[in-house]
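Worksheet: one structure, shown below.
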Amino acid sequence: MTDIGPGNASGVPPLLSVRQLRKSYRSGSGVLEVLRGVDFDLNHSGFVAVVGQSGSGKSTLLHLMGLLDEPDAGEVHIAGIRVDNLPAVRRDKLRNTDIGMVFQSYHLLPEFNALENVLAPLMVRYSVYEWMRMKKVAHSQARALLERFGLGQRLHHKPRQLSGGEMQRVAIARALISQPRVLLADEPTGNLDEASGTGILDTLCELNRQDGLSIVLVTHDASIARRADRIVRLVAGHVEIL
Ligand code: ADP
Ligand code: MG
C-alpha cells in the first residue's frame, strides 16, 4: 500500500480524506444523484460537523467514509492510504479496528447487556483461542470505558433497561473499545431530549479535546454543529465549507 493520498502544506496526509466522491441511488425509473463530487478532509485530532438538509446525503457520505458502502466513483483515504478499493475482507477489518461508528438509533444488540455490547467488536475480531487469552483485559477495558461515561452501575443492564442517553453512551463506549483512529457519528443526539443530547455532545467534545480523538459529526442542527471546530455543508451533492 504505497498509494499516498492528498496531503496538506506540512506534507502530512489528513487522517481521513475523500476525493470527488460520487454516489447515486436508483429511484423508480430514474437515478438519484446524492453525492456529485464531494471533497472532504479531516485532520488528525480534528472535529468536523457535516450539516445539510434532510435528504442532502449526510448519512450517505458518512457510510462511505465508514466503509459501510462503496462509492460509484472517487476515493476514500485513511492516513494517506486508499481504502475504498480494498477487498471486502480488508475493509471489514479496517472498520473493526480503525473506525468507530455511532448512530441515531444506537444499534445495540438487545439480548446483550451493556458490557457485552461494548465487547462485541472484540469478540468478532478475535478467534476463540485469542479471545480466551485476552478476555480479562478486554473486560476491564470495557468496564473502564463504561465507568468513564457514568455507567458503572449499569454494566449488566440490557438496552431496554437503559435510557436513550445511557444507550448512546454504551454505543460510544462500543465504538471506542477498539481504540479507533476516527469516530463517525450520525445524528447521535437525534433521538434524545435536550439534556441527554447535551451530555452526549459534552462527551464527544471531551474525547476530542482531552484524548485527541478525530470526529466527524453529522447533524441537521446548527446549534449542535457549532460544538465542532469546523462545519461543512452538503448542498446539491457538493460540499461548502462554512
Ligand atoms: P441525510 O442523511 O442527509 O438525510 P441520506 O444520505 O440518508 O440523507 O439520503 C440522501 C438521499 O438518498 C435521500 O433522498 C434518500 O431518500 C436517498 N437514499 C438514501 N439511501 C438510499 C438507498 N439505499 N436507496 C435509495 N435511495 C436512498
Ligand atoms: Mg441521515
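The values are calculated or read from the model by the stated rules, or taken from the named source; none is laboratory data. Because the structure is a prediction, the values reported are computed rather than measured. Cβ sites come from the backbone with ideal geometry, for glycine too, and all protein chains shown count toward neighbours. For accessibility, only protein heavy atoms count, side chains too; no ligands or nucleic acids. Shrake-Rupley method; radii C 1.70, N 1.55, O 1.52, S 1.80 Å.
With the requirement that a residue be touching a Leu at 6+ places or on another chain (Cβ under 9 Å), assigned to a loop (DSSP other than H, G, I, E, B) and within 17 Å of Gln104 (Cβ to Cβ), what does region 39-82 give you?
Within region 39-82, Gly52, Gln53, Ser56, Gly57, Gly66, Leu68 meet the criteria.
Tally up the residues in region 67-81 that are among the aliphatic types (A, V, I, L, M) and crowded, with 17+ Cβ neighbours inside 10 Å, please.
Here is the first cut: in region 67-81, the residues among the aliphatic types (A, V, I, L, M) are 67-68, 73, 76, 78-79, 81.
Those still in the list that are crowded, with 17+ Cβ neighbours inside 10 Å too: 67, 76, 78-79.
Total satisfying the criteria: 4.
Can you give me the number of residues within region 35-55 that are open to solvent by 20 Å² or more (accessible area, probe 1.4 Å) and within 10 Å of ligand 1 (Cβ to nearest atom)? Spell out the reasoning first.
First pass over region 35-55, keeping only residues open to solvent by 20 Å² or more (accessible area, probe 1.4 Å): 36, 39, 41, 43-45, 53-55.
Retained after the next criterion (residues that are within 10 Å of ligand 1 (Cβ to nearest atom)): 53-55.
Number of matching residues: 3.
Restricting to region 103-118, and then to whatever is part of a helix (DSSP H, G or I) and over 17 Å from the mean Cα position of the chain (by Cα), can you tell me which residue is surrounded by the most Cβ atoms within 10 Å (Cβ to Cβ)? Quick ask: steps written out before the conclusion?
From region 103-118, those part of a helix (DSSP H, G or I) are 114-118; that's our starting set.
Checking which are over 17 Å from the mean Cα position of the chain (by Cα) leaves us with 114-116.
Details: Ala114: 28, Leu115: 20, Glu116: 18.
This residue is Ala114.
Is it the case that Leu176 is closer than 17 Å to Asn96 by Cα and at pLDDT 95 or above?
Considered against the rule, which asks whether it is closer than 17 Å to Asn96 by Cα and at pLDDT 95 or above, Leu176 comes out as yes.
I'd like to verify a number: residues in region 119-129 that are free of Cβ contacts under 8 Å to residues at least 12 places away in the same chain and part of a helix (DSSP H, G or I), how many?
3
Could you count how many residues in region 145-169 are out of contact with any Lys or Arg (no Cβ under 8 Å at 6 or more places or on another chain), part of a helix (DSSP H, G or I) and surrounded by 13 or more Cβ atoms within 10 Å (Cβ to Cβ)?
Matching residues across region 145-169 total 9.
If I ask for residues that are more than 14 Å from ligand 2 (Cβ to nearest atom) and either at pLDDT below 95 or among the basic types (Lys, Arg) (or both), which ones from region 214-228 would you list?
Within region 214-228, Ala222, Ser223, Arg226, Arg227 qualify.
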